[in-house]
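Have a look at the structure below, then the notes.
The values are calculated or read from the model by the stated rules, or taken from the named source; none is laboratory data. As the structure is a prediction and not an experimental result, all values here were calculated from the model. Counting neighbours? That spans all protein chains shown, and the Cβs are built from the backbone with ideal geometry, glycine included. The accessibility values were calculated without ligands, DNA or RNA, using every heavy atom of the protein model including side chains. Shrake-Rupley method; radii C 1.70, N 1.55, O 1.52, S 1.80 Å.
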Amino acid sequence: MSHPGITPVPPSPAAPLPTGLLSAWLGQSHDLLALTDAAGCVRWCNAAFERTTGLGPGADLLTLASPAGPLRDALSAGLRGSGLPAAELALRNAAGSTLWVEAHITRIDTDRLWTLRDTTAHHELAARAQRFAELLDMAQEFGRLGVWERDIPSGAGRW
């Protein structure tokens, strides 16, 4: 539909984002972002990825998995372009702590863009809730008196 006095303007192709803007945008993401080559060598990563995994440019992404096993096989399949399982993955960061992530990988020419959503806090809360449910069940089983628990190394206790 045309309106008198208004000349339609043809759509222009989207201009590519300036490199500095794109880098700043990716850098402030809360997702863990990394660009690797097909062998898993990290070429670029955002601060969240480096802080959470302990890996930076030049590191091997496969060090997040044990040397052999289904997790390493899944990461290798992702590097080959065979896709990743839809489930969450339990990786190990450089400090040896468990890092739960939902992982997505996109192939860009010969490189791979990894987007990892950190779900570790969710898993820790679920484990704490499970532990408290077990303690409540124990307290109810023993005459509804309650349970006293002490952590020997720290001396912390709770009733």
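Six or more apart or on different chains, Cβ atoms under 6 Å: show the pairs whose first residue is in the stretch 85-100 and small (G, A, S) and whose second is open to solvent by 60 Å² or more (accessible area, probe 1.4 Å).
Listed by first residue and then by second, the contacts come to A90/W100.
For residues that are in a helix (DSSP H, G or I) and open to solvent by 80 Å² or more (accessible area, probe 1.4 Å), tally how many sit in the stretch 93-137.
Qualifying residue count, the stretch 93-137: 10.
Each row is one residue, and each column tells you yes or no for (1) out of contact with any Lys or Arg (no Cβ under 8 Å at 6 or more places or on another chain); (2) in a helix (DSSP H, G or I).
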residue	(1), (2)
H30	yes, no
L35	no, no
A39	yes, no
R43	yes, no
T52	yes, yes
G58	yes, no
L62	no, yes
